[in-house]
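J.: Pasting in a structure now, in structure tokens, and then I'll have a few things to ask.
The values are calculated or read from the model by the stated rules, or taken from the named source; none is laboratory data. Computed from a prediction, not measured in an experiment: that's the story for all the values here. Using ideal geometry, Cβ is built from the backbone for each residue, glycine included, and neighbour counts are taken over all protein chains shown. With ligands, DNA and RNA removed, areas are computed over all heavy atoms of the protein, side chains included. Shrake-Rupley method; radii C 1.70, N 1.55, O 1.52, S 1.80 Å.
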Amino acid sequence: MRTLFRPGHLPGGGEHSRALFRVAQCVPFVIILLGLGVELSPVHDIYTGPLLTATPALASLTMGPMGTLAAAAGALSVSLTTTTLHDAWGGMLIYSNLLGLLVVAVASVITSRAVHARRQSELNQVRRIAVAAQRVLLRPAPARLGPVRAASMYLSAETGAQIGGDLYEAVQTRYGVRMIVGDVRGKGLPAVGLASAVLGAFREAVHYEDDLVEVVDHCAAALHRERASPNAADQCEREDRAEDFVTVLVAQVPDAFEVQVVNRGHPPPLLLHRGKVQALMPGSPLPPLGLDEFVTGPPVKAESYPFVPGDRLLLHTDGVIEARSPDNVFFALPRAVEALAPCTPPQFLEQLHQALIRHTGGHLADDAAMLVVERLDEEAGDQSSAQPPPPEATDGVDPPTTS
């Protein structure tokens with residue numbers, strides 16, 4: 001359905017800016033009501049023609065062609081109604097006012113249409129650039145990675161953009177399939193820069209670090225270097241970047257029937273086993289990257305969980321579980337996963353996407369990233385682990401074991 005108002009993201013993006021913009025959109029119609037009130041009051045001798053003539057021009061500044069036409073129609077209706085009510089037909093001033101209103105209305109509609117077309121062209125260009133950047137920063141997960149089938153999806157809350165502070169990657173290495181999902185504190189280009197730094201470190205370290213914890217440490221070091229970069233525009237931005245952090249979850253699927261996880265302050269992944277969902281909660285919660293001073297206790301170790309053929313592992317960001325309905329109800333991700341019909345990993349994510357859209361009414365308040373892998377029974381290289389445990393041994397998820 002078309003709207004009278006110009007759609008899209010407002011400059012500044014804050015609630016205060018949106019409120020001011022809505023007030024500005026209402027100004028022409030307030031002027032029309034004010035003119036009507038004057039004409040119907042005892043002081044109707046005050047001439048309101050010039051005031052009403054200006055309303056289409058004011059409307060064209062904040063509204064599209066339909067909104068400008070609505071303002072022009074309102075001003076014309078008030079002029080015709082009050083002229084007839086006061087029996088003022090016949091004077092040249094009335095006809096001059098109506099002609100002026102017509103000229104201003106036509107010019108305002110043409111201007112509004114031209115501005116709208118130019119803005120749409122610029123928005124399309126931004127989208128093309130965002131798509132190209134997304135393909136470099138957030139590459140789609142390959143359909144097959146060693147012993148797993150995979151799929152990925154990124155949903156942006158920003159109008160006109162498709163990249164933000166969420167990140168994901170899945171890579172096949174000599175140690176197994178390694179994955180990362182993360183969420184950067186903040187929005188906009190600074191968040192994209194931090195996400196790029198973490199992803200770059202992950203893509204390099206996964207191929208030569210045998211310890212999953214060392215891979216995470218490389219990501220933390222890259223984040224620290226990026227935050228200390230002198231490229232920030234001013235002192236305030238540098239101070240803001242110094243307080244940024246990134247929640248990440250790094251997982252590895254080796255040839256054995258297990259999955260190893262290192263969780264740094266991220267929502268736990270969901271394991272779908274025989275139609276039931278279990279959240280792989282960390283045994284020892286750890287702070288996000290960038291808050292390493294809060295890491296206390298024994299050295300960090302990866303936690304292992306059973307991951308047998310047919311199981312699926314869903315890695316996601318908080319934009320999924322914190323999505324709310326119009327009634328302010330959070331999205332129940334585990335229940336939604338259990339309700340899905342058997343399907344391929346891409347169809348699995350698409351069904352989740354549709355469920356998320358239905359729940360939120362089509363409006364995401366935050367970026368959301370999802371990565372799903374399904375364990376296959378092929379290419380299990382470790383003969384000692386080649387036979388999956390019996391079903392009764394894996395009806396629930398065992399407590400994590402550290403490696």
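J.: Can you find a residue in the stretch 39-47 that is at pLDDT below 85 and part of a helix (DSSP H, G or I)?
T.: Yes, the stretch 39-47 contains at least one residue that is at pLDDT below 85 and part of a helix (DSSP H, G or I).
J.: Just to be sure before I move on: is A59 open to solvent by less than 20 Å² (accessible area, probe 1.4 Å), modelled with pLDDT of 80 or more and not aromatic (F, W, Y) in the structure I sent?
T.: In short, yes.
J.: Can you pull out the residues in the stretch 192-214 that are closer than 25 Å to A368 by Cβ and free of Cβ contacts under 8 Å to residues at least 40 places away in the same chain?
T.: Within the stretch 192-214, G193, A197, G200, A201, R203, V206 meet the criteria.
J.: Identify the single condition in (1) at pLDDT 75 or above; (2) touching a Leu at 6+ places or on another chain (Cβ under 7 Å) that S17 does not satisfy, given that it satisfies every other one.
T.: For S17, the failing item is (1).
J.: Can you name every residue in the stretch 48-91 that is part of a helix (DSSP H, G or I) and in contact (Cβ under 8 Å) with a residue 60 or more places away in the chain?
T.: M66, G67, A70
J.: Only one of these conditions is not met by G283: (1) under 22 Å from A141 (Cβ atoms); (2) in contact with a Pro (Cβ under 6 Å, 6 or more places away or on another chain). Which number is it?
T.: Among (1) under 22 Å from A141 (Cβ atoms); (2) in contact with a Pro (Cβ under 6 Å, 6 or more places away or on another chain), the lone unmet condition for G283 is (1).
J.: Sticking with this structure for a sec: Pick out the one residue from V213, V192 that is more than 27 Å from the chain's Cα centre (by Cα) and assigned to a helix (DSSP H, G or I).
T.: V213
J.: Residue check: is A279 modelled with pLDDT of 90 or more, open to solvent by 40 Å² or more (accessible area, probe 1.4 Å) and farther than 16 Å from L212 by Cα?
T.: Judged against the criteria, A279 is a match.
J.: Then there's this: Can you find even one residue in the stretch 179-187 that is free of Cβ contacts under 8 Å to residues at least 24 places away in the same chain and within 22 Å of V295 (Cα to Cα)?
T.: No, that holds for no residue.
J.: For the stretch 267-286, what are the residues that are out of contact with any helix residue (DSSP H, G or I) (no Cβ under 8 Å at 6 or more places or on another chain), in contact (Cβ under 8 Å) with a residue 24 or more places away in the chain and not aliphatic (A, V, I, L, M)?
T.: Correct list: P269, Q278, P282, G283.
J.: Hey, another quick one. For the stretch 310-338, which positions are open to solvent by 40 Å² or more (accessible area, probe 1.4 Å) and either in a loop (DSSP other than H, G, I, E, B) or touching a Ser or Thr at 6+ places or on another chain (Cβ under 9 Å) (or both)?
T.: G310, E322, R324, P326, D327, N328, V329 - these are the residues of the stretch 310-338 that are open to solvent by 40 Å² or more (accessible area, probe 1.4 Å) and either in a loop (DSSP other than H, G, I, E, B) or touching a Ser or Thr at 6+ places or on another chain (Cβ under 9 Å) (or both).
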